Amino acid sequence: MKKITILGSTGSVGINTLSIVEKNPNLFKIIALVANTDVATMLKQCKLFSPEWVAMKNEKSANILKIELKKRKIKTYVLYGEQAICQLAALPETDQVIAAIVGMAGLLPTLAAINAGKTILLANKESLITSGSLFMKALSFSGAQILPIDSEHNAVFQALPSNMQKNLGVSNLKKNGIKKIVLTGSGGPLYNFSSSDLSNVTPKQACSHPNWKMGKKISIDSATMMNKGLEYAEARWLFNTLESEIEILIHPESIIHSMVQYYDGAVLAQLSVPDIRIAISYAMSWPDRINSGADFLNFSKINNLSFFEPDFVQFPCLKLAIDAFSEGQAAMIVLNAVNEIVVSAFLEYKISFNKIFEINFEVLMSSCFSEPTCIEDILEIDKKSRTLARKKILSLIP
C-alpha cells in the first residue's frame, strides 16, 4: 500500500487524485493533505480519508478546520503556514507526494519533497520551469523521482522506453532512438475567435474549456495558450530535449495527448478521453495500471483527428514563453510571476483579455535580472517581478 501526501488537495488535481484513492482503497492510504483556504472541501476530505495530518496555508482557515474536526471527533492534526506545508511534503512515512499546488506557491513544498527523496507526481509545472537546473540537481542529489501528471507530459512518459521513464531529465533522446517529442494542445476555448474578438472576452468565456475541466488559473492560461508555452519549458527539462527535438501541434479534439516520434519512422501516441484521472492513475500505479474511473474511447464515434501548427499572431503568449525559455532561467521566472499576477487581475475584471499578453511582454522586456544561482535568487526575482506587474496594472486602471 502506497502512502500518499497531496499538496493542493482541494484543487482539481487533488480532488481527482482522491477519487482514484477512493476507487482503489487497498492500494493507497492518505497520510497528509494540504490546501490554502478551502475549509469546506478539506473537511469533507478529512471525513472520507482520515489523514493523519492536514496543513492549511491560511492560519484562520486552519483554526476553523480544527474546530470543525473536533466537533466531529475526527483525529487529524492541523497545522498552518508554509513551513508546516514543507514539513508535510517531507514526512518520512510518505511514499508519493502529489505536487498540485497552483503556481509559484508550489516551489518550496515540491523542493522539500525532492530533498526528502520522495517520488513526486508533478502537476505544479511552475516549480520546475522557474528553478530549472537547480530543480534537476536536487533530484539527482537526493535520489527522488519525478513522474509527470500533466496530461501531455504523462502521455510522452507513457510512450518512452522504460529506461528513460526511470531517468527523466538526464536521458538522451537520440541515443534512445527518438527523433522528437510532439506536444499537442486543444487551442483552448478561444481558438476560433478572431483577433478583434479577443479584447472583449470575459473571464467566464475564457474559463469555458471545450474539453477539460480545470481550475481558473490553468483555464485562462489555456485560453491564452501560455499554458502550452509553460508545458514546452517543462518538457525541455523533463525529457532533456534540444529545441529541434520538440514540436507543438494544435489538436482540437483532445484525443491524442502527445506523441513520441522515433528514428525508424514509428510514432507512439497516447490516446484517451480528456480526463486527467488517466494520467494521475498511471503515475500513481506505474509501472502497473489501475481503475482510474475514466470512460473509454469509442473509436466508432471519432469522426476526425485534426492537427494544425500554432498561430503565434493569435496566441502570442505561446511564442513569448518559448522565447523566454531560450533567454534563460531569469526570464522564465519573470514571465511566470507576471503571468500569475495578470491572470488574477483579468479574473477580477481589472484588465481586458488582450492586456494579459501586453503586460507579460512589457514587464519581461523591461526586466534585467542576473541568472539565479540559488533558491533565494529565484524567490527574489519572483517577488520583484510581481511588484512590477502590479504597478503596471495599476497604471492601466482609470
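General observations
- Shape category assigned to the chain from the gyration tensor of Cα positions, a/c cut at 1.5: rounded
- Residues T184, T373, T10, sorted by accessible area with the largest first, give T373, T10, T184 [1.4 Å probe; ligands and nucleic acids excluded].
- Farthest toward positive dipole pole in the stretch 1-102 [+1 Lys/Arg, -1 Asp/Glu at C-beta], among F28, L48, G14: L48
- Computed over the chain, the per-residue total of -39500 (n - 2.57) for DSSP H runs of n ≥ 4 gives a 222 nm mean residue ellipticity of -14500 deg cm²/dmol, rounded to 500.
- Nearest-20 debye value, the chain charge dipole, Cβ charges on Lys, Arg, Asp, Glu: 1460 debye
- Working note: Karplus 6.51/-1.76/1.60 with θ = phi - 60° gives the stretch 29-37 the couplings 10, 7, 9, 8, 10, 10, 8, 9, 10 Hz, where Gly and Pro are set to x.
- A Förster radius of 45 Å, combined with the Cβ-Cβ distance separating E22 from F308, puts the computed FRET efficiency at roughly 0.70.
- Among the DSSP helices (H) of the chain, those spanning at least 20 angstrom by Cα along their long axis with an average Kyte-Doolittle hydropathy of -1.0 or more are 125-142, 329-347, 375-396; this is a geometric and hydropathy rule only.
- Spin-label pair I290-T387: with each label point 7 Å from Cα along the Cα-Cβ axis, the two points sit 4.6 nm from one another.
- Other residues whose C-beta falls under 14 angstrom from the C-beta of T5 contribute a net charge of +1, scoring Lys and Arg +1 and Asp and Glu -1.
- Based on the convex hull around the alpha carbon atoms, the stretch 275-390 presents an average projected area of 11.5 nm².
- Looking at the chain alone, DSSP beta bridges between its own residues are antiparallel in about 25 percent of cases.
- Simple rule: put +1 on each Lys or Arg Cβ and -1 on each Asp or Glu Cβ in the chain, find the dipole, and look at M259, N58, A116; the Cα lying farthest toward the positive end is N58.
- Y262, Y80, Y232, ranked by accessible area, largest first (probe 1.4 Å): Y80, Y262, Y232
- I397 accessible area, 1.4 Å probe, all protein chains in place, Å² to nearest 10: 70 Å²
- Fully extended contour minus Cα-Cα distance, from S162 to N200, at 0.36 nm per residue: 9.0 nm
- Of the residues G293, S272, F239, the one whose Cα sits farthest toward the positive end of the charge dipole of the stretch 231-308, with +1 on the Cβ of Lys and Arg and -1 on the Cβ of Asp and Glu, is G293.
- Put a plus charge on the Cβ of each Lys and Arg, a minus charge on the Cβ of each Asp and Glu, and nothing anywhere else: the dipole of the stretch 171-260 about its Cα centre is then about 220 debye.
- Loop-resident GluC sites (Glu not before Pro) (DSSP state other than H, G, I, E or B) in the stretch 31-132 with no more than 13 further Cβ atoms inside 10 Å of their Cβ: E93.
- Amide H contacts of Y80 (H built 1.01 Å from N, under 5 Å, at least 5 apart or other chain): M56
- Relative intensity, log₁₀ I(q)/I(0), of the stretch 98-165 from a Debye sum that treats every alpha carbon as a point, q = 0.11, 0.12, 0.29 Å⁻¹: -0.23, -0.28, -1.35
- Taking amide H as placed 1.01 Å from N in the peptide plane, I178 has its amide H under 5 Å from the amide H of Y263, each at least 5 places away in sequence or on another chain.
- Entry comment: accessible area of the stretch 313-398 is 49 Å² per residue, from protein heavy atoms only and a probe of 1.4 Å.
- Of the three principal axes defined by the Cα atoms of the stretch 131-239, the extents in descending order read 48, 28, 21 Å.
- Simple label model, 7 Å out from Cα along Cβ direction - K60 to L271, nm: 5.1 nm
- The stretch 336-379: GluC sites (Glu not before Pro) in DSSP loop, at most 14 other beta carbons within 10 Å: E348
- Reduced Cα scattering model of the stretch 239-329, Debye log10 I(q)/I(0), q = 0.23 Å⁻¹: -1.26
- Basic side chains Lys and Arg get +1 at the Cβ, acidic Asp and Glu get -1 at the Cβ, and with that the dipole of the stretch 270-398 about its Cα centre reaches some 420 debye.
- Sparsely packed trypsin sites (Lys or Arg not before Pro) within the stretch 261-345, loop by DSSP, other Cβ within 10 Å at most 15: R289
- R0 of 45 Å, Cβ-Cβ distance S133-K71: FRET efficiency to nearest 0.05: 0.40
- Debye intensity ratio I(q)/I(0), log10, the stretch 1-122, q values 0.19, 0.22 Å⁻¹ (C-alpha model): -0.94, -1.28
- Most to least accessible of L297, L33 (protein chains only, probe 1.4 Å): L297, L33
- Amide H contacts of K2 (H built 1.01 Å from N, in plane; Pro and chain starts excluded): F28, K29 sit under 5 Å, all sequence-distant by 5 or more or on other chains.
The values are calculated or read from the model by the stated rules, or taken from the named source; none is laboratory data. Keep in mind that this is a model prediction, so the values were computed, not measured. In this analysis, Cβ positions are derived from the backbone assuming ideal geometry, glycine residues included, and neighbour counts consider all displayed protein chains. We work out accessible area using only protein heavy atoms, side chains counted, and drop any ligands, DNA or RNA first. Shrake-Rupley method; radii C 1.70, N 1.55, O 1.52, S 1.80 Å.
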